[in-house]
Structures are given as C-alpha cells and as structure tokens.
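Q: This is the structure I have questions about; it appears just below.
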Amino acid sequence: MELTEEERRILLKTARESILQEFDKISIAPVDYITCPTLKLKLGAFVTLKIIKELRGCIGFIIGNKPLYETIIEAAKHSAFGDPRFLPLTREEFDLIKIEISVLSPFTAIKSYEEIEIGKHGLLLDEGGRAVLLPQVANEYNYNREQFLTALCHKAGLYGNYWRERMLKIKIFTALVFGED
C-alpha cells in the first residue's frame, strides 16, 4: 500500500489540525475521497508525537474500523491528550511537536522468531497481554531481534525473557512511515 505525496501531506496537516482544534477551535478541512480514495480505506494507523526527538505521545489503532483519514484524526487527539504515559499536551508544547504517522499493513502470523526482520517488521503480541511495537522502534533503540522480543514482552506486562520459553503467538506487519521534517 502506498500513499501519494498529496495524501501524506493531507494526513499530516489533518493530524496537526485535529490537535490544534483542542486549543483554538478551528475546523478541520474535509477530505475529498474522490481525488484521494486511499484515505477512505480502513487501515490501522498510529500517530507519534515527538519534541526534540523525544517521545511525547504515541497512540493508534492496530485495526482500521474507519476510513484512514478519520483514524488519523482520532489517533492524533489520543496521542496528544490521552497517552497515559504523559500529561496532556499543552498549547506551548504544540508548537514544538513533530508528527509522524505509521500506516499499518495487514498482519501475518509467524512460526519462527527468525522470520522477524529488524527495521522492516513491527510486532503484535496478543497472548498473556497485548502489545504492539512499530517497525521503527527497533531502529530507534538499536535493538537486535532478541532485544525487540524482550521489549515486546515488557510492553505486554510479561517478564522480558518470556519469549525464550516457548514460541509466542506473534504477528508481524510492516508500516508506511512518514512525518514532518
């Protein structure tokens, strides 16, 4: 799945405007699904907020139940104001954030940890706890496969080496990742 430069621009602008709307009561421009039909597809997506390269919020939907355009609006608001790891974004912080969007591919179950390609695959664990790590996480933290699996277990509330005891029910996915400069 690909997005045109125009579709990417629309999604980034929409994410920013949906957050700004909470402060300044602006309206978000509607999307023209005729000229941008891909934005109507029901795809999972995450919106990541960073301030000076430090995580400030990251929330998304692993499965798309709404058009991508609407999913991005919801994910952006939740990243800014609903990520339980952070206080709600302030108006002062708004001007400092950089927005990154990850549009998810369908999921594929794996039979071996060897199938996981660092930097290409994200991980979904839905066993004993649920956790998602986007593909770019491994690169950002310089994780090898073992560290990536350990981080996934921690995020799911399991102890880090749980994955070594048996083959966990993990699904892999890719993501189209783009962001503001």
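Q: Taking residue 152 as meeting all but one of (1) of a type outside the set (Asp, Glu); (2) at pLDDT 95 or above; (3) over 13 Å from residue 168 (Cβ atoms), write down the number of the exception.
A: (3)
Q: Being basic (Lys, Arg), at pLDDT below 95 and under 22 Å from residue 140 (Cβ atoms) is the requirement here; does residue 53 meet it? Full working, then the answer.
A: Numbers: basic (Lys, Arg): yes; at pLDDT below 95: yes; under 22 Å from residue 140 (Cβ atoms): yes.
Yes; evaluated as a whole, the condition is true for this residue.
Q: In contact (Cβ under 8 Å) with a residue 40 or more places away in the chain and either more than 16 Å from the chain's Cα centre (by Cα) or outside any loop (DSSP other than H, G, I, E, B) (or both): is that true of residue 7 in this structure? Even if it seems obvious, please write down each step before you answer.
A: On the way: in contact (Cβ under 8 Å) with a residue 40 or more places away in the chain: no; either more than 16 Å from the chain's Cα centre (by Cα) or outside any loop (DSSP other than H, G, I, E, B) (or both): yes.
In short, no.
Q: A further question on this structure: Mind listing just one residue for me: the one in region 95-108 that is hydrophobic (A, V, I, L, M, F, W, C) and under 19 Å from the mean Cα position of the chain (by Cα) and, of those, surrounded by the fewest Cβ atoms within 10 Å (Cβ to Cβ)? So that I can check it myself, show each step before the final result.
A: First pass over region 95-108, keeping only residues hydrophobic (A, V, I, L, M, F, W, C): 96-97, 99, 101, 103-104, 107.
When the remaining residues are screened for being under 19 Å from the mean Cα position of the chain (by Cα), the result is 97, 99, 101, 103-104, 107.
On the way: 97: 21, 99: 23, 101: 26, 103: 26, 104: 24, 107: 18.
Top of the filtered list is 107.
Q: Mind listing just one residue for me: the one in region 162-181 that is open to solvent by less than 50 Å² (accessible area, probe 1.4 Å) and part of a strand (DSSP E or B) and, of those, farthest from residue 139 (Cα to Cα)?
A: 170
Q: Next up: From 14, 38, 4, 71, grab the single residue that is surrounded by 14 or more Cβ atoms within 10 Å (Cβ to Cβ) and closer than 15 Å to residue 179 by Cα. Lay out the reasoning, then the answer.
A: On the way: 38 fails: closer than 15 Å to residue 179 by Cα; 4 fails: surrounded by 14 or more Cβ atoms within 10 Å (Cβ to Cβ); 71 fails: closer than 15 Å to residue 179 by Cα.
Being surrounded by 14 or more Cβ atoms within 10 Å (Cβ to Cβ) and closer than 15 Å to residue 179 by Cα holds for just one of 14, 38, 4, 71, which is 14.
Q: I need a count of the residues in region 130-166 that are under 20 Å from the mean Cα position of the chain (by Cα) and either within 26 Å of residue 101 (Cβ to Cβ) or aromatic (Phe, Trp, Tyr) (or both).
A: 23
Q: Name the residue that is farthest from residue 103 (Cα to Cα), counting only residues in region 41-64 that are β-branched (Val, Ile, Thr) and surrounded by fewer than 22 Cβ atoms within 10 Å (Cβ to Cβ). Give the steps one after another, and end with the answer.
A: The first filter runs over region 41-64 and keeps only residues β-branched (Val, Ile, Thr), leaving 47-48, 51-52, 59, 62-63.
So of that shortlist, the ones also surrounded by fewer than 22 Cβ atoms within 10 Å (Cβ to Cβ) come out as 51-52, 59, 62-63.
On the way: 51: 21, 52: 23, 59: 12, 62: 9, 63: 10 Å.
Looking at the filtered set, the residue picked out is 52.
Q: Residue by residue through region 74-93, note down the ones that are closer than 15 Å to residue 14 by Cβ, open to solvent by less than 70 Å² (accessible area, probe 1.4 Å) and of a type outside the set (D, E, K, R).
A: Here is the first cut: in region 74-93, the ones closer than 15 Å to residue 14 by Cβ are 74-80.
From what's left, open to solvent by less than 70 Å² (accessible area, probe 1.4 Å): 74-77, 79-80.
Residues satisfying the conditions are 75, 76, 79, 80.
Q: Moving on to the next point. Considering only residues that are of a type in the set (Gly, Ala, Ser) and surrounded by fewer than 20 Cβ atoms within 10 Å (Cβ to Cβ), look in region 114-155 and name the one that is nearest to residue 44 (Cα to Cα).
A: Filtering region 114-155 down to residues of a type in the set (Gly, Ala, Ser) leaves 119, 122, 128-129, 131, 138, 151.
If we keep only those that are surrounded by fewer than 20 Cβ atoms within 10 Å (Cβ to Cβ) too, we end up with 119, 128-129, 131, 151.
On the way: 119: 19, 128: 22, 129: 19, 131: 14, 151: 21 Å.
It comes out as 131.
The values are calculated or read from the model by the stated rules, or taken from the named source; none is laboratory data. As the structure is a computational prediction, the values presented were derived from the model and not from experiment. Every residue, glycine among them, receives a Cβ derived from its backbone with ideal geometry; neighbour counts consider all protein chains shown. SASA here: full protein model, heavy atoms, side chains in, ligands and nucleic acids out. Shrake-Rupley method; radii C 1.70, N 1.55, O 1.52, S 1.80 Å.
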